[in-house]
Amino acid sequence: MIAVDVMGGDYAPQEAVQGALAAAQKGVPLILFGNQDKVMPLLAHYYPRWRSLPIELVHCADVIDMDEDPVRGILRKKDSSIVRALQAVQSGKAQAFVSAGNSGAVMAAATIVVGRVPGVIRPAIGSFLPTTTGSLFCLDLGANPDCKPEYLVQFAYMGYAYVRLIKHIAQPRVALLSNGHESYKGSMLVKNAFDLISKTDLEFVGNIEARDIFSGHADVVVTDGFTGNVLLKGIQGTAKAVMDWMKDEASRSLILKILLGLAYPLLRRVKNKVDYARTGGALLLGVNKPVVIAHGSSKSCAITQAIFFAQKTVDQKIMPTFNETLQVLLEKGKTTIKTVKLQPAMKQVQL
């Protein structure tokens, strides 16, 4: 069973309900968490025979809004769809959780309700991004806007362990996102993280600039949640802008319109490489159970894909294997974090 927060997201509950129905029609058993007065009419509207599908609906009186303070929201709204769905995962009634809602609230609630993997300081959101040679795994993509160097070291271990498991690469190359490849470049956070990661036994290839992440020179790129989220949305926005620019230029003449039409299948394949709807969501790594966070502006297709991704994660038993490996790596890495002397931060810089 997959627990789905159908009240989370910019287009909830309509798009979340449609996405859930599409997944249920493919045989994925679901527990939907949301306000039944809003959800039941939608289920009946989009699929009148919805009761014949493997769907269970759990009424939740509260909703944590997208712009609501995460911690305050989960403490005040214990009957929210996010909290109740994660409680179902923790109890074993459901095996994974999916939400396009307030990502900060999902992380905070998952940390409290589901619990962190022993040794993990902060969970992180990770996902694969396309490169010219395949893909790389990037984290954190938004869970931790403010980080300490120790967090980034753990993110490096998380990415390393996940890529080894999913892509079967014996020694994934780990890079640190910075404003230059030189070791002295970057903020105090990046410099101190560089020193820590370089002392581990990971295959650390040093700093990497944003313009080079698509080159295939790294298998894992580590950054803080603020920078990672800006990077991700910058990639998505750039891809959309390029497509819009091409359409605008093509509108200037009939010949250009014809040429664009002929090239459309190729352009669509390129656009799909950075389309978040095709992957659906990203895993919150460092917690005990599968938690999938979808984009806040997800439409029904993205919700469906996020559910499929969660089900695949459960079927392949990815999280138990990953968490076990991560624990071993973190235990080995404790000495590094404790013994390396970090550079003092300037007063105006907060780590």
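Here, each number is a calculation from the coordinates, and none is a lab measurement. The shown structure was predicted, so the numbers you read here are calculated from the model rather than taken from an experiment. Don't worry about glycine lacking a Cβ; one is built from the backbone with ideal geometry, like all the others, and counts go over all protein chains shown.
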Q | Stretchable slack from LYS26 to THR238, in nm (0.36 nm times residue separation minus alpha-carbon distance) | A | 73.0 nm
Q.
Starting from 0.36 nm per residue, how many nanometres of slack lie between GLU209 and GLN36 once their C-alpha separation is accounted for?
A. 57.5 nm
Q.
What whole-number volume per residue, in cubic angstrom, does the convex hull of the C-alpha atoms of the chain give?
A. 157 Å³
**Q.** Where labels lie 7 Å past Cα in the beta-carbon direction, separation of HIS181 and LYS167 in nm
**A.** 1.8 nm
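Within the chain, what's the longest run with no GluC sites (Glu not before Pro) in a DSSP loop and at most 15 other beta-carbon atoms within 10 Å? Give the range, please.
The longest uninterrupted stretch comes out as 1-181.
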(Q) Under the 0.36 nm per residue contour assumption, what length would be gained going from the current alpha-carbon distance of SER251 and THR132 to full extension? (A) 39.9 nm
Q: Would you please give the residues with an amide H less than 5 Å from that of GLY206, counting only those at least 5 places away or on a separate chain, with H modeled from the backbone geometry?
A: LEU176
Q: Can you put SER251, SER297, SER81 in order of Cβ neighbours within 10 angstrom, beginning with the fewest?
A: SER251, SER297, SER81
Q.
Over 10 Å intervals from 0, what percent of Cα-Cα pairs in segment 134-175 sits in each interval?
A. 27, 53, 19, 1
(Q) Can you find, among TYR157, VAL190, ASN144, the residue sitting farthest towards the positive end of the charge dipole of segment 125-196, where Lys and Arg contribute +1 and Asp and Glu -1 at Cβ? (A) TYR157
Q. Between LEU262 and LEU75, what FRET efficiency comes out of the Förster formula 1/(1 + (r/R0)^6) with R0 = 56 Å and r the beta carbon distance, rounded to 0.05?
A. 0.50
Q: Divide by every residue of the chain the summed helix terms, -39500 (n - 2.57) for each DSSP H run of at least 4, and state the resulting mean residue ellipticity at 222 nm, rounded to the nearest 500 deg cm²/dmol.
A: -15000 deg cm²/dmol
Q. For segment 154-272, what value does the Rg/Rh ratio take when both radii are computed over Cα atoms and Rh is the Kirkwood radius, given to two decimals?
A. 1.13
